[in-house]
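Chemist: Dropping the structure in here first, questions after.
The values are calculated or read from the model by the stated rules, or taken from the named source; none is laboratory data. Here the structure is a predicted model, which is why all the values come from computation and not from measurement. Virtual Cβ from ideal backbone geometry, glycine too; neighbours counted across all protein chains shown. Each accessible area value is taken on the protein alone, full model and side chains, heavy atoms only, with ligands, DNA and RNA left out. Shrake-Rupley method; radii C 1.70, N 1.55, O 1.52, S 1.80 Å.
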Amino acid sequence: MTEQAPELHERRILGTELLWAFGVGVFIAATLSAVVFTALSRDINPPSNVERLDPKTLHLSGEFAEHNLGTTVGADGSVTVRAIATQFMFVPHCIAVPRERPVTLRFASPDVIHGLLITGTNVNTMVVPGFVAQVHTEFTRAGDLLMPCHEFCGLGHSEMWATVQVMAEDAFKPGPDGRISCAQR
Ligand code: CUA
């Protein structure tokens with residue numbers, strides 16, 4: 001340090017600190033605005049559903065029993081998809097959904113932590129054993145989308161994926177029981 005009057009030295013330190021505080025403040029404000037902006041304008045939110053279930057028995061009865069998996073259209077027209085993420089597959093392997101209609105996706109895991117995303121959409125969630133992972137979304141384009149597991153879950157992780165078949169409204173015809181599976185091609 002060169003010789004300076006002590007007050008001048010102190011003032012320089014204060015100036016540098018304030019400059020850094022300002023820079024960090026701008027960075028934090030920009031980050032928070034990006035979070036709020038994407039949440040409001042693009043509907044990108046962290047999954048916040050807390051619903052517990054017993055991973056040891058979920059396949060035996062109740063909502064995630066095998067016969068209840070897949071896509072169901074309720075009497076009010078609401079579309080709900082239920083699927084299990086397990087080492088190393090999704091059940092069912094193909095999920096049928098309508099285009100341009102609100103869809104509720106519900107996932108559960110009987111074994112380890114899995115994760116999933118649906119390419120080109122805002123669907124991206126972890127599937128933690130003991131909890132129901134729920135995502136609300138709307139698919140905008142008809143066609144097949146890839147749904148890979150994106151959380152390392154064991155040796156077969158890279159083989160774990162499913163297809164989401166987005167159907168145009170006239171092709172999305174559930175059966176009398178309100179259920180619909182992927183069209184065979
Ligand atoms: Cu399941 Cu990776």
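Chemist: For residue 101, what is the net charge nearby, where nearby means another residue's Cβ is under 11 Å from its Cβ and Lys, Arg count +1, Asp, Glu -1?
Modeler: Net charge in that neighbourhood comes out at -2.
Chemist: Now for a separate question. Protein chains only, probe 1.4 Å: how do 76, 144 rank by accessible area, largest first?
Modeler: 76, 144
Chemist: Another one. For the chain, just give the cysteines left without a disulfide-compatible partner, judged by no other Cys Cβ under 4.7 Å.
Modeler: Result for the chain is 149, 153, no neighbouring Cys Cβ within the cutoff.
Chemist: While we're looking at this one, here's another question. Would you mind getting the accessible area per residue of region 2-75, heavy atoms of the protein chains only, 1.4 Å probe, in Å²?
Modeler: Computed with neighbouring chains in place, this is 82 Å² per residue.
Chemist: A follow-up question, please. Using alpha carbons only, how many degrees (0 to 90, rounded to 10) separate the axis of helix 6-42 from the longest principal axis of the chain?
Modeler: Relative to the chain, helix 6-42 is tipped by roughly 20 degrees.
Chemist: Using helices alone, I'd like the mean residue ellipticity at 222 nm for the chain: each DSSP H run of four-plus residues gives -39500 (n - 2.57), total over residue count, nearest 500.
Modeler: Result for the chain, helices only: -7500 deg cm²/dmol.
Chemist: Explain nothing, just compute: Karplus ³J(HN,Hα) = 6.51 cos²θ - 1.76 cosθ + 1.60, θ = phi - 60°, for every residue of region 175-180 in order, whole Hz, x for Gly and Pro.
Modeler: Each residue's phi maps through the Karplus curve to give x, x, 8, x, 9, 8 Hz.
Chemist: Taking all protein chains as present, what is the carbon and sulfur share of the accessible area of the chain, in % to the nearest whole number, probe 1.4 Å?
Modeler: Roughly 62 percent, rounded to a whole number.
Chemist: For residue 67 and residue 51, compute 0.36 nm times the residue count separating them, minus their Cα-Cα distance, and round to one decimal in nm. Intermediate values should be presented prior to the final figure.
Modeler: On the way: separation 16, 0.36 × 16 = 5.76 nm, distance 2.10 nm.
So the chain would gain 3.7 nm between residue 67 and residue 51.
Chemist: Please list, in order along region 100-109, the HN-Hα scalar couplings obtained from phi with the Karplus expression 6.51 cos²θ - 1.76 cosθ + 1.60 (θ = phi - 60°), rounded to whole Hz, x for Gly and Pro.
Modeler: Coupling constants for region 100-109: 6, 9, x, 10, 10, 9, 10, 10, 9, 10 Hz.
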